[in-house]
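A.B. asks: The structure under discussion is supplied below as structure tokens; questions concerning it will follow.
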């Protein structure tokens, strides 16, 4: 005598047990994960970030724009800042930031000529993407400007 065995109840039970165990496993795994969405000094970080936003907006309101350009013929980066009066004391920093390698970053003190420009020798810099970050203080107010430049090409 041949009996026809129905495997549907066994399959459904096995699926439900697997689903239950997988759900329990995911819950346990997600509870063990560290999620640090907020820094310890969240309020202070927010104030610093708002100051940075205010500084960038103040820079954008200037009559003339700050610029940074790369000249491949002379292998120099020229940073030009707006100057309102020659008597105005300007102090600041230029950071040449290399996104692909922090070891190549360079910092320069801001030393503008009479036209409000500073020339940086780029012949020692590696070819590729650089970000010029300029922060300065003039007339008791802080300003900030950054620009991405591609350094390289036309080397003799």
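A.B. asks: Going through region 33-80 one residue at a time, which ones are assigned to a loop (DSSP other than H, G, I, E, B), in contact (Cβ under 8 Å) with a residue 12 or more places away in the chain, over 22 Å from the mean Cα position of the chain (by Cα) and closer than 23 Å to residue 135 by Cβ?
C.D. replies: Selection gives 62, 63, 64.
A.B. asks: Considering region 56-78 alone, what residues qualify as being touching a strand residue (DSSP E or B) at 6+ places or on another chain (Cβ under 8 Å) and over 30 Å from residue 126 (Cα atoms)?
C.D. replies: Within region 56-78, 58, 62 qualify.
A.B. asks: Hey, can you tell me all the residues within region 93-105 that are outside any loop (DSSP other than H, G, I, E, B) and modelled with pLDDT under 90?
C.D. replies: 102, 103, 104
A.B. asks: Still on this model: For the structure I just gave you, tell me whether residue 23 is under 30 Å from residue 113 (Cα atoms) and at pLDDT 85 or above.
C.D. replies: no
A.B. asks: Here are the criteria: (1) modelled with pLDDT of 90 or more; (2) under 19 Å from residue 64 (Cα atoms); (3) surrounded by fewer than 16 Cβ atoms within 10 Å (Cβ to Cβ). Tell me which single one residue 133 does not satisfy.
C.D. replies: Condition (3) is where residue 133 drops out.
A.B. asks: Count, please, the residues in region 106-128 that happen to be in a strand (DSSP E or B) and out of contact with any strand residue (DSSP E or B) (no Cβ under 8 Å at 6 or more places or on another chain).
C.D. replies: 0
A.B. asks: Could we say that residue 142 is touching a helix residue (DSSP H, G or I) at 6+ places or on another chain (Cβ under 8 Å) and either at pLDDT below 85 or under 24 Å from residue 57 (Cα atoms) (or both) here?
C.D. replies: When the stated conditions are applied, residue 142 passes them.
The values are calculated or read from the model by the stated rules, or taken from the named source; none is laboratory data. Bear in mind that the values here come from a model prediction, so they are computed numbers and not experimental data. Backbone-built Cβ (ideal geometry, glycine too); neighbour counts: all protein chains shown.
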